[in-house]
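Data block below; observations after.
The values are calculated or read from the model by the stated rules, or taken from the named source; none is laboratory data. Note that the coordinates shown come from a computational prediction; the quantities given were computed from them, not determined experimentally. Using ideal geometry, Cβ is built from the backbone for each residue, glycine included, and neighbour counts are taken over all protein chains shown.
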Amino acid sequence: MPADSTFGSEFAPFIATSRATGGVFDDPVVEPVGPLPLHPASHSLHYASSCFEGLKAHKGIDGTTRIFRLDRHAERLRSSARMVRLPVPDVDLLTSMVVDTVAANLDAVPAPPSSLYLRPVLLGTERNIGAAASPSRDALLFVLASPVGAYFAGGERALSLAVETELPRSTPQLGRAKTGANYLMALGPTLDRQEQWGVDQVLFCPAGIVGETGAANFLLMDQTRIVTPALDGTFLDGVTRDSILTLARDLGLEVEERELDVDQLRAWAARPDAEAALSGTAAILAGVGTLVIDGEAVPVGTGEVGPTTTRLRAALQRVHRAEDEDRHGWMTRVGA
Ligand SMILES: *Cc1c(COP(=O)(O)O)cnc(C)c1O
């Protein structure tokens, strides 16, 4: 899907790491990126005790680098850590590791619309393959950085989504965790639908209730309103989702967070001014032009990327670049 196929495969030179022993994290170090020593019996390699975050540092039009909504991402990693029963790093540790990673890699922060993508990861490292039914009290926390281009560098195409009404994307106990296990649950059905229907992604709507795709939140809109599923614990509380809803309110749009079923989705799509979009840190806000429901391709409005989608994405990008005032205190400056 990304026009820039190198997304995530190039790395900035420095990484911050901290190890927890018996639940206590040691002082972090910043060092050159390279292979990490990991014992083959590490808990996460066998029992999937891991979670991660994805956030970005942006270079502003004034040349200063700023991290977007660091506090929210740090809180979410802590909440994911609790759900996968790993030692929970404190906010100060997480915050300083992310800031130190950006500071060490300042020369690798590209000019907008590119940015420095940051990937904090927490892995269970207790050496015990018999610990299937107990949590890992040892952990490795690191923050990897990757300079990334604009997701749609080659010009923008509206995405198509297969609407999946049976298979779930996650399980009740992990719906709100950002963990690899959820990605694995979404992978098989997504590959199957891509092969079968040529779609970009799958919108998981178990029992007919709209949730999200494998890695992004789902929103409907028109020129005066946004409708998106209310946070119900089955899907991730996206920071981009929250930011788009906040900017939409600032711009005078009506915001409705509620339960949404597939019949309502179909009815919304049939309106000529209907829009749909996916939100996430990587793509920001990506227009959806087609829903494939029971094998039938249903265009959303005109089938193109809509004006409200474009307008909201531009508004968020102006905040990223410090072109607009940071009204909500979202940006953390790094360096001078
Ligand atoms: C990371 C992620 C998102 C997007 O969250 P943001 O905070 O907006 O980047 C949405 N859904 C899932 C399942 C995710 O893992």
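A few comments on the model shown:
- Matching option when the condition is closer than 30 Å to VAL202 by Cα, touching a residue at least 12 places away in the same chain (Cβ under 8 Å), more than 14 Å from the ligand (Cβ to nearest atom) and outside any loop (DSSP other than H, G, I, E, B), among ALA162, ALA150, ALA181: ALA162
- Checked against the criterion of being touching a residue at least 12 places away in the same chain (Cβ under 8 Å) and surrounded by 22 or more Cβ atoms within 10 Å (Cβ to Cβ), the candidates SER114, SER49 yield just one match: SER49.
- Residue ID - surrounded by the fewest Cβ atoms within 10 Å (Cβ to Cβ), chosen from residues in region 257-297 that are in a helix (DSSP H, G or I) and of a type in the set (D, E, K, R): ASP263
- Members of region 3-46 found to be under 19 Å from the mean Cα position of the chain (by Cα), over 23 Å from VAL98 (Cα atoms) and either crowded, with 17+ Cβ neighbours inside 10 Å or small (Gly, Ala, Ser) (or both), listed by number: ALA3, SER5
- Residue in region 63-77 that is closer than 28 Å to ASN182 by Cα, in contact (Cβ under 8 Å) with a residue 12 or more places away in the chain, in contact with a Phe, Trp or Tyr (Cβ under 7 Å, 6 or more places away or on another chain) and within 16 Å of the ligand (Cβ to nearest atom) present: yes
- Residues of region 64-77 that turn out to be within 23 Å of GLY233 (Cβ to Cβ) and surrounded by 19 or more Cβ atoms within 10 Å (Cβ to Cβ), as a count: 5
- ARG241 meets the stated requirement of being basic (Lys, Arg) and either crowded, with 22+ Cβ neighbours inside 10 Å or within 15 Å of the ligand (Cβ to nearest atom) (or both).
- Among the candidates GLY252, GLY214, residue that is of a type outside the set (S, T, N, Q) and within 16 Å of the ligand (Cβ to nearest atom): GLY214
- Contacts under 7 angstrom Cβ, first residue in region 6-21 being in a loop (DSSP other than H, G, I, E, B), partner surrounded by fewer than 13 Cβ atoms within 10 Å (Cβ to Cβ), 6 or more apart: PRO13/PRO32
- Look at (1) under 18 Å from the mean Cα position of the chain (by Cα); (2) surrounded by 18 or more Cβ atoms within 10 Å (Cβ to Cβ) and you find that LEU140 fails only one, number (1).
- The residues of region 22-60 that are aliphatic (A, V, I, L, M) and in a strand (DSSP E or B), listed by number, are VAL24, VAL29, VAL30, LEU55, ALA57.
- Within region 278-304, residues that are modelled with pLDDT of 95 or more sit with their Cβ atoms under 6 Å from residues that are among the aromatic types (Phe, Trp, Tyr) and away from the ligand (no atom under 16 Å from the Cβ), at 6+ positions apart or across chains, in these pairs: VAL292/TRP197.
- Number of the condition not met by VAL262 [criteria: (1) more than 16 Å from the ligand (Cβ to nearest atom); (2) modelled with pLDDT under 95; (3) among the aliphatic types (A, V, I, L, M)]: (2)
- In region 217-238, the residues that are more than 9 Å from the ligand (Cβ to nearest atom) and small (Gly, Ala, Ser): ALA230, GLY233
- Region 265-280, residues that are within 9 Å of the ligand (Cβ to nearest atom) and either over 26 Å from ALA57 (Cβ atoms) or in contact with a helix residue (DSSP H, G or I) (Cβ under 6 Å, 6 or more places away or on another chain) (or both): SER279, GLY280
- Among the residues examined, PRO147 does not qualify as buried (at least 22 other Cβ atoms within 10 Å of the Cβ) and closer than 16 Å to PRO32 by Cα.
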